[in-house]
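For reference, the structure discussed in these notes is given below.
The values are calculated or read from the model by the stated rules, or taken from the named source; none is laboratory data. Bear in mind the structure is a predicted one, so any value in this text is a computation, not a measurement. When we count neighbours, we look across all protein chains shown, and the Cβ atoms used for this are built from the backbone with ideal geometry, even at glycine. Remember, those area values only see protein heavy atoms, side chains included, never the ligands or the DNA or RNA. Shrake-Rupley method; radii C 1.70, N 1.55, O 1.52, S 1.80 Å.
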Amino acid sequence: MPLPPLLADLPWYALVAIPLIVLVAYANFGATGFGSSAVAVPALVHVFPLAFSVALATSLDVFAATSTSFRFRRVIAWDEFRRLVPAALIGIALGVTLVVNLPRAPALLALGVFITLYGAYLLAGPRALRRAPGWLAWPIGLAGGVFSALFGTGGPVYMVFLSARIQDKASLRATSAAVVTMSVWVRLVVFAVAGVLLQPALLIVAAVMLPLMFVGLKLGNRLHRRLSGPGVLRLIAVVLILNGASLIVRAGAG
């Protein structure tokens with residue numbers, strides 16, 4: 001069976017880079033409970049079109065987020081989850097309606113700057129952060145939902161709220177994974193209705209990368225166990241900064 005043109009034309013270095021991207025993205029997810037798409041998509045767009053990259057990351061996120069949130073469901077902070085979900089669902093619906101009209105470069109730039117500054121605050125500021133008020137779930141949830149629908153990058157936005165509400169590192173990871181699970185299943189339905197998930201090339205790449213995704217999750221779980229609570233917070237800060245910087249670069253590249 002011949003390969004689809006999108007895959008048959010890939011250079012050798014892309015065949016080497018794609019598995020590494022998936023491994024790093026899901027090791028990050030296993031350690032922190034978010035950020036796989038924000039790590040993978042900016043790197044994958046150097047190989048695949050943006051829509052294909054977001055759909056591929058979404059198809060892998062379904063397995064990663066669902067398995068992680070189910071495995072650690074007993075430590076999910078359900079009160080915080082319920083605070084975020086209504087606003088996030090509204091944000092996703094809004095993002096779907098804006099997808100053809102919103103200028104993408106300015107939106108990516110704004111998101112990148114916001115996430116980078118917050119990550120720098122976490123990294124440089126005191127380890128004991130003031131608990132964020134519950135009402136922030138609405139603006140954060142709306143923003144996370146919009147950016148989740150537009151670019152698959154809602155996880156870092158949700159983490160801004162969750163990291164300032166949840167002190168326990170295991171609960172923080174589990175709750176973040178639960179919110180991402182909700183978001184990614186909604187995105188999956190949208191992509192399925194749009195027919196994006198039925199591309200032969202996407203199904204082939206997703207099937208081949210699935211084992212590497214689970215290896216990345218396992219590596220991330222080991223890293224999570226070795227880090228202290230403040231250590232996880234610092235890791236989240238570094239991931240936010242790197243994700244924000246990659247989004248700024250993407251915005252600058254058009």
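What the table shows:
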read-out: Region 122-248 - percent of accessible surface contributed by carbon and sulfur, probe 1.4 Å; value: 73
read-out: Rounded, prolate or oblate (a/c below 1.5 giving rounded, otherwise prolate when a/b exceeds b/c) for region 153-217 by Cα gyration tensor; value: oblate
read-out: Accessible-area value, ASP61, 1.4 Å probe, nucleic acids and ligands omitted, Å²; value: 10
read-out: Charge dipole magnitude, Cβ of K and R +1, D and E -1 - the chain, Cα centre, debye nearest 20; value: 900
read-out: HN-Hα J in Hz across region 16-32 - Karplus 6.51, -1.76, 1.60, θ = phi - 60°, x for Gly and Pro; value: 7, 6, 4, x, 5, 4, 5, 4, 5, 4, 8, 5, 4, 5, x, 7, 10
read-out: Simple Cβ-charge dipole of region 100-205, Lys/Arg +1 and Asp/Glu -1, about Cα centre, in debye nearest 20; value: 280
read-out: Estimated dipole of region 40-155 in Debye, rounded to 20 [Cβ of Lys and Arg +1, of Asp and Glu -1, Cα centre]; value: 380
read-out: Cut-off under 5 Å, modelled amide H: who pairs with GLY154 long-range; value: SER148
read-out: Debye log10 I(q)/I(0) for region 101-254, one point scatterer per Cα, at q = 0.18, 0.21 Å⁻¹; value: -1.28, -1.50
read-out: Accessible surface, the chain, averaged per residue in Å² (probe 1.4 Å); value: 45
read-out: In Å², nearest 10: area of ARG222 left accessible to a 1.4 Å probe; value: 120
read-out: Ranked order, ILE90, ILE236 - accessible area, probe 1.4 Å, largest first; value: ILE90, ILE236
read-out: Selected from GLY231, GLY141, GLY195 as most flexible by GNM, with the chain as the system and alpha-carbon contacts under 10 Å; value: GLY195
read-out: With Cα atoms, 0 to 90° folded angle of helix 137-151 axis to the chain main axis; value: 10
read-out: Extension gain, LEU203 back to TYR13 (0.36 nm per residue minus Cα-Cα distance, nm); value: 66.3 nm
read-out: Largest-first ordering by accessible area, 1.4 Å probe, given options LYS169, LYS218; value: LYS218, LYS169
